[in-house]
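Notes for the one structure printed next.
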Amino acid sequence: MGQSPVSDGSVLRPAEAGEAASLAAIQVAARAAAPMPANVHPAAEISAFLASRLGQDEVWVAEVDGEAVAYARFTATWLDDLYVLPAHQGSGLGGALLDLVLSLRQDGVGLYVFETNVPARRFYEARGFVVTARSDGSENEERRPDLRMEWGVRSVGGLG
C-alpha cells in the first residue's frame, strides 16, 4: 500500500526503516500530555524497541507537510500504539489512522487503554470499541489499572 491523502497537507503512509526515533518522540510527547502514567522507558529504549518492530508489525504514519506527527502500530489482532503529537490532537489524524487500522483488520482488533485516560476511552468507544476486561494493572509495566477494549466481529470475548 502506498500513501493515502487525508486532508490538505496531510497523508497516511507506511512507516519507513529508520523512523523509530521520530515515532518514539511522538509517543513520549503524546503520553506526557495525556492523563496516563509516564513512560517507564526512556526515549532511546522506546526507539530501539520500535526499530525492532518495524518490519514485524504494521506501522503507519500520519504526516503533515512532510513531518511525521502521529502513528499507529498494529498486528493481525492487536492495536499496540496509536499516538498523535499534542499539537495535532483533535485534527482528525488519530481517527484517520484508526479508520485505516479497522479497514485492514475487519475481523476485529483489541487494545489496552489506561483507566485514567478518559479522552482515549471516549475516542475508542465513539468508534465502536467495547470494554471486554478490566485489570488492576498488576500485569502492565506501569502497574496502573487498564481496560481491554475490542472492536469487530470477535469483540465479545475473542481476540486471544
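When the residues of the stretch 104-128 are narrowed to those that are part of a loop (DSSP other than H, G, I, E, B) and acidic (Asp, Glu), which ends up surrounded by the fewest Cβ atoms within 10 Å (Cβ to Cβ)?
Of the residues in the stretch 104-128, the ones part of a loop (DSSP other than H, G, I, E, B) are 105-108, 115-117, 126-128.
Imposing the further condition that a residue be acidic (Asp, Glu) reduces the set to 107, 115.
On the way: Asp107: 11, Glu115: 17.
Result: Asp107.
A count restricted to the stretch 125-160 and to residues that are at pLDDT 85 or above, farther than 12 Å from Phe114 by Cα and of a type in the set (Val, Ile, Thr) stands at 2.
Residue-by-condition table, conditions (1) within 17 Å of Asp80 (Cβ to Cβ); (2) at pLDDT 85 or above; (3) not basic (Lys, Arg):
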{"residue": "Gly2", "(1), (2), (3)": "no, no, yes"}
{"residue": "Arg13", "(1), (2), (3)": "no, yes, no"}
{"residue": "Ala20", "(1), (2), (3)": "yes, yes, yes"}
{"residue": "Gln27", "(1), (2), (3)": "yes, yes, yes"}
{"residue": "Asn39", "(1), (2), (3)": "yes, no, yes"}
{"residue": "Pro42", "(1), (2), (3)": "no, yes, yes"}
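Checking the conditions here, which among Pro14, Pro42, Pro35 is surrounded by fewer than 19 Cβ atoms within 10 Å (Cβ to Cβ), within 23 Å of Leu147 (Cα to Cα) and out of contact with any Lys or Arg (no Cβ under 6 Å at 6 or more places or on another chain)? So the residue among Pro14, Pro42, Pro35 that is surrounded by fewer than 19 Cβ atoms within 10 Å (Cβ to Cβ), within 23 Å of Leu147 (Cα to Cα) and out of contact with any Lys or Arg (no Cβ under 6 Å at 6 or more places or on another chain) is Pro35.
What are the residues in the stretch 14-40 that are among the aliphatic types (A, V, I, L, M), part of a loop (DSSP other than H, G, I, E, B) and under 25 Å from Glu142 (Cα atoms), if any?
Restricting attention to the stretch 14-40, the residues satisfying the condition of being among the aliphatic types (A, V, I, L, M) are 15, 17, 20-21, 23-26, 28-30, 32-34, 36, 38, 40.
Going one step further and asking which of them are part of a loop (DSSP other than H, G, I, E, B), we end up with 15, 17, 34, 36, 38, 40.
Those that are among the aliphatic types (A, V, I, L, M), part of a loop (DSSP other than H, G, I, E, B) and under 25 Å from Glu142 (Cα atoms): Ala34, Met36, Ala38, Val40.
Residues in the stretch 41-70 that are of a type in the set (A, V, I, L, M), in a helix (DSSP H, G or I) and over 17 Å from the mean Cα position of the chain (by Cα): 2 in all.
The values are calculated or read from the model by the stated rules, or taken from the named source; none is laboratory data. In this text the structure is predicted, and so the values were computed from the model without any measurement. Cβ coordinates were reconstructed from backbone atoms using ideal geometry, including for glycine residues, and neighbour counts include every protein chain displayed.
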